[in-house]
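Notes to accompany the following structure.
The values are calculated or read from the model by the stated rules, or taken from the named source; none is laboratory data. As the structure is a prediction and not an experimental result, all values here were calculated from the model. A quick note on method: Cβ atoms are made from the backbone with ideal geometry, for glycine too, and the neighbour counts reach across all protein chains shown.
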Amino acid sequence: MTEKKHTRRAFAAVIACLALTAAACVGIPENAETPAETPSETPSETPAETPKMTKQVTETPAETSAETPSETSAETPSETSAETPSETVTATDAVTASRSPEERARETAALTVDENGVDNAWAFLLINARNPLPDGYVPVTAPIGVYSLDARCAEYALLMFEAARNDGITLNVQSAYRSIERQTVNFESFYNSLVSRGYTPERAFDATAAEIAPPYTSEHNAGLAADIGIIESYFDTTEEFRWLKENSWKFGFIMRYPADKTSVTGIIYEPWHYRFVGLYHAGRIRDSGLCLEEYMGDDGSDNDVNGVVEKFREYITGR
Ligand SMILES: [Zn+2]
């Protein structure tokens, strides 16, 4: 009996032990998973995420808001402000470029239009051997490259040169404003060369005056004329001449001494000599086919009321 009791107790103990073991074996993995998941997820994720998020919240916004905006606000506005003026200049250039030199010449001329619709009326005057400039006349000049013109018409010449360049034409200025002193030297030099070749003083004077205007009778002395291109009659065979013939009037300049008007102008054919008369008259003179004397109704009578030319003749031939 005792052995059976022991056996039973032992068996019961084994069963109980097995049951406990089985329960433990079953329960451990469940318990192990739960704590394993909970601590592994919760502590690892939560502390890991939380600091990360905290860092991101603290660092990212701080750095982003500190760096990005400062860089953006520092660079973008500076770039924008640096680009904006250049874009403005570009836009201005585009506007300027969209307005041709011819249009700008018309706009400038429009500012000077009088009650008769004539622009630059001051420039509409006859300067020749019978109509010299007043004694002592010296214009206010402005540069057109290395030479100069009356300051009131220099801009028109520059616009004309610009228009020619736009068409691939280079207009070389050979002479523009000349002082009375310079004109005198030029005249005397040519006059002396003729006298040395046997011309009488009177004949030498007249022959010289046909090519070089006496002081005060030259449009160069007034700063109203420019010699452009080649100082030879064959200049009229060049593309530069053709461009001037087609376009100079748009800028207020006329070819002053045509080949078929030498008897009226008293000056040889000069395809290189361009005279400013204003846009209004330049267009009409071109259309009329008249030279300036004819267009102004000059009757060819002696208008040298101050005797400037005669005094110069006496000065030159009397030495
Ligand atoms: Zn000239």
Original post:
Among (1) within 14 Å of the ligand (Cβ to nearest atom); (2) without any contact (Cβ under 8 Å) to a residue 12 or more places away in the chain; (3) of a type outside the set (Ser, Thr, Tyr), where does VAL185 come up short?
Top reply: (1)
**OP:** Note down all Cβ pairs under 6 Å where the first residue falls in the stretch 239-258 and is more than 14 Å from LEU279 (Cα to Cα) and part of a strand (DSSP E or B), the second is within 16 Å of the ligand (Cβ to nearest atom) and among the β-branched types (Val, Ile, Thr), and they're at least six residues apart or on different chains.
**Re:** TYR257/THR265; TYR257/ILE267
Subject >> Residues of the stretch 137-154 that turn out to be out of contact with any Leu (no Cβ under 9 Å at 6 or more places or on another chain) and outside any loop (DSSP other than H, G, I, E, B), as a count >> reply: 3
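Which is surrounded by fewer than 21 Cβ atoms within 10 Å (Cβ to Cβ) and either more than 16 Å from the ligand (Cβ to nearest atom) or outside the structural domain of TYR274 (by TED's automatic domain parsing) (or both), of LYS261, LYS245?
Testing whether each residue is surrounded by fewer than 21 Cβ atoms within 10 Å (Cβ to Cβ) and either more than 16 Å from the ligand (Cβ to nearest atom) or outside the structural domain of TYR274 (by TED's automatic domain parsing) (or both) leaves just LYS245.
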Original post:
Can you name the number of the only condition in (1) more than 16 Å from the ligand (Cβ to nearest atom); (2) at pLDDT 95 or above; (3) touching a Gly at 6+ places or on another chain (Cβ under 8 Å) that PHE251 fails?
Top reply: (3)
Subject >> Verdict on ARG284 being within 14 Å of the ligand (Cβ to nearest atom), in the same structural domain as THR141 (by TED's automatic domain parsing) and of a type in the set (Lys, Arg) >> reply: no
**OP:** For the stretch 218-242, name all the residues that are of a type in the set (D, E, K, R) and either more than 12 Å from the ligand (Cβ to nearest atom) or not assigned by TED's automatic domain parsing to the domain that holds ASN186 (or both).
**Re:** GLU232, ASP236, GLU239, GLU240, ARG242
